[in-house]
Amino acid sequence: MKKGFGGGMQQLMKQANQMQNKMKKIQEELATQEFSGTSGGGAVTVTVNGSNQVLSVVVQPDVVSSDDIEMLQDLIVTATNDALKVAKETSDKEMAKVTGGMSMPGMF
């Protein structure tokens, strides 16, 4: 009986290791992808990568006004958060494919 249990445990560990390797590969692939978010109806576009690094900020010229710098700052923050949300949602979907939707706290 112990032999069967040990073999089952070994198989379970092998599957967990394979899942972890797949998750790592997906994370590496996502890190190279770009995700964009916009605000103000396209007035500001922010692009981030899967590692949550801001790659670019594009501001349409008609939005720039020294009279309303706070609005521009708000648009940039909103677009950045939108881009990060898109990146996270994509990451979550890809990870769910590997984990079958099961939460894996502490794995990644």
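Taken together, the values in this text are just the output of simple stated rules run on the coordinates, not laboratory data. This one's a predicted model, so the numbers in the text were calculated from it and none came from an experiment. Virtual Cβ from ideal backbone geometry, glycine too; neighbours counted across all protein chains shown.
Rounding to the nearest 10 and keeping the result within 0 to 90°, find how far the Cα-based axis of helix 2-32 lies from the longest principal axis of the chain. Around 20 degrees separate the two axes. Using Cβ point charges alone (K and R +1, D and E -1), the dipole size of the chain about the Cα centre works out to roughly 1440 debye. For Cα extents along the principal axes in Å, computed directly from the structure shown, the correct entry in (1) 52, 28, 22; (2) 78, 20, 17; (3) 35, 35, 25 is (2). Listed values for segment 80-95 are Karplus-derived 3J(HN,Hα) couplings in whole Hz (6.51 cos²θ - 1.76 cosθ + 1.60, θ = phi - 60°), namely 5, 4, 5, 5, 5, 5, 4, 4, 5, 4, 5, 4, 4, 5, 5, 5, and x replaces Gly and Pro.
Lysine pair count for the chain with Cα-Cα distance under 29 Å and sequence separation of 8 or more or different chains is 24. Between residue 92 and residue 25, the distance separating the two model label sites (each 7 Å from Cα on the Cα→Cβ line) works out to 2.5 nm.
The residues 26, 69, when put in order of fewest to most other Cβ atoms within 10 Å, stand as 69, 26.
Using R₀ = 35 Å, calculate the FRET efficiency as 1/(1 + (r/R₀)^6) where r is the Cβ-Cβ separation of residue 53 and residue 99; round to 0.05. Please list the in-between numbers first.
Numbers: r = 25 Å, r/R0 = 0.71.
According to the calculation, E is roughly 0.90.
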